[in-house]
Amino acid sequence: MIGLDKNWSLSLEHEEYIGDMELVITDAIQAVEDTDKGFYVNLVTPASFGNPDDYLAEALLSYFGSRIEMKFIDQCGCGGYVLRVWKNN
């Protein structure tokens with residue numbers, strides 16, 4: 001999925017993600033990499049890890065630095081959480 005020139009969402013709530021924070025972080029980084037500059041990806045994370053501001057935001061900032069902006073959106077009705085990540089550069 002290289003070069004997604006639209007806003008999109010990625011669900012990281014499926015079984016393989018629920019107990020594997022490292023996989024959530026790895027696939028979230030890849031999703032942001034795949035998103036074109038000027039667009040965002042909504043990362044829907046498992047309820048099992050809680051608010052993504054507490055673990056995912058730090059990992060993304062560490063990797064991308066000022067190339068991204070993030071905003072916690074809300075907890076979904078399904079229990080997961082949505083973190084929106086804009087690609088600046």
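We did not get these values from a lab; they are worked out from the coordinates using the rules stated. Every value quoted in this text rests on a predicted model; they were computed, and no experiment measured them. We place every Cβ from the backbone using ideal geometry, glycine too, and count neighbours over all the protein chains shown.
Proximity of backbone amide H atoms, modeled 1.01 Å from N, is registered between PHE39 and LYS87 at under 5 Å, excluding neighbours fewer than 5 places apart on the same chain. Only the Cβ atoms of Lys and Arg (+1) and of Asp and Glu (-1) were treated as charged; on that basis the dipole of the chain about its Cα centre amounts to roughly 440 debye. Note on the chain: antiparallel DSSP beta bridges, both residues inside, total approximately 70 percent of the bridges counted. Bridging of LYS87 to aspartates and glutamates at a Cα separation below 19 Å is possible for ASP5, ASP27, GLU33, ASP34, ASP36, ASP53, GLU58, GLU69, once same-chain residues fewer than 8 apart are set aside. A helix-only calculation puts the chain at -8500 deg cm²/dmol for mean residue ellipticity at 222 nm, using -39500 (n - 2.57) for each DSSP H run of at least four residues, averaged over all residues.
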